[in-house]
Amino acid sequence: MTVSALQDALDEPDETVVVDIAGVTNGTESGTQQVTVTILDDDAAPTVAFSGVGQSVGESTNPVNITVQLSAVSGQSITVPFTVGGTATAGADYTATTASPLVIPAGSLSGNIHLNLMDDALYEGNETVVLTLGAPTNATLSTPAIYTATIVDNDTPPSVTLAVDSTVLAENGTGPAVVTATLSAVSGLPVTVALGFSGTATGGGVDYSASGASIVIPAGSTSGTVTVNTVDDGLHEPTE
């Protein structure tokens, strides 16, 4: 009998054909008779890469499916490690529901990495989730190997109100007056409130001095302050 290998384009491990004697008519098997033929695979391993370089998705979009594809179907299971980074915070802005490594079964052409986004009420601007593929098993890495998902924030920036704790100060150093900027809601970004000073009094240490030209409200806070101190100059002048 003859055994002939069949040519295919499928990357697969070397395979064997084992021939045993199953029975003999008019004779006996001399011990255990077995021969093995090994078929050496000659097909190149497929390449693996993302199907694109990225996408923009709304904060309320779920789930986000990111496709990792092969250049050709393989006869072997392929594992693709990946890392997740970017400006978005895992656990607060998103969760990756697909564990690393991604497994693409034999006979499949692609696999998906799934992200679940968290729709919060925090204004934080657009953020990114960056996925990077590592060295795969039973395949070679191609490009694009980096994928950027941009989460488009759907929350409006907070509004700012201004208040002062004292509207009248004596020139002889009583005070200071504390000017407070307050947000309508907590923000995920620092808020800078630029201040303009006017009126009949002269700033810069002549009639008064201010502790800053702007109020910076840190992310996660709702207010910030500057102080205004009077200067007792000994000069007779009207109320300013």
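The values are calculated or read from the model by the stated rules, or taken from the named source; none is laboratory data. Computed from a predicted model, the values in this text were never measured in an experiment. Using ideal geometry, Cβ is built from the backbone for each residue, glycine included, and neighbour counts are taken over all protein chains shown. For the accessible areas, the whole protein counts, side chains as well, though only heavy atoms, and no ligand, DNA or RNA atoms are used. Shrake-Rupley method; radii C 1.70, N 1.55, O 1.52, S 1.80 Å.
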### Task
May I ask for the distance between the Cα centers of the range 48-104 and the range 128-151, given as a whole number of Å?
8
### Message
Could you give each residue of the range 214-222 its phi-based ³J(HN,Hα) in whole Hz, using Karplus coefficients 6.51, -1.76, 1.60 with θ = phi - 60°, and x for Gly or Pro?
### Response
8, 10, 9, 9, x, 4, x, 9, 10
### Message
Can you compute the radius of gyration and Dmax for the range 104-240, using only the Cα atoms, both in Å?
### Response
26.8, 93
## Note on the structure
Note to self: with every protein chain in place and a 1.4 Å probe, the range 176-237 gives an accessible area per residue in Å² of 53
### Message
Placing unit charges on C-beta atoms (Lys and Arg positive, Asp and Glu negative, everything else neutral), compute the dipole magnitude of the chain about its Cα centre in debye, rounded to 20.
### Response
100
### Task
Hey, for a label at Ser198 modelled as a point 7 Å past Cα toward Cβ, could you say which residues of the range 151-165 have their backbone N under 17 Å away?
162
### Query
Across the range 13-151, how large is the tail of the calculated P(r) beyond 20 Å, expressed as a percent of all Cα pairs?
57
#### Entry: Positive minus negative residues near Thr239 (Lys, Arg vs Asp, Glu; Cβ under 13 Å)
-4
### Task
Pop out the ³J(HN,Hα) list for the range 159-165 in order, Karplus 6.51 cos²θ - 1.76 cosθ + 1.60 with θ = phi - 60°, rounded to Hz; leave Gly and Pro as x.
8, 10, 10, 10, 9, 10, 7
### Message
Per q in 0.13, 0.18, 0.23, 0.24 Å⁻¹, report the Debye log10 I(q)/I(0) for the range 131-184, using one uniform scatterer on each alpha carbon and no solvent.
### Response
-0.62, -0.80, -0.94, -0.97
### Task
Calculate I(q)/I(0) for the range 186-237 by the Debye formula, one identical point scatterer on each C-alpha and no solvent, and give its log10 at q = 0.16 Å⁻¹ to two decimals.
-0.56
### Query
To two decimal places, what compactness ratio does the range 80-135 give when its Cα radius of gyration is scaled by 2.2 N^0.38 Å?
1.32
### Cα Rg, Dmax, the chain, angstrom units
35.5, 136
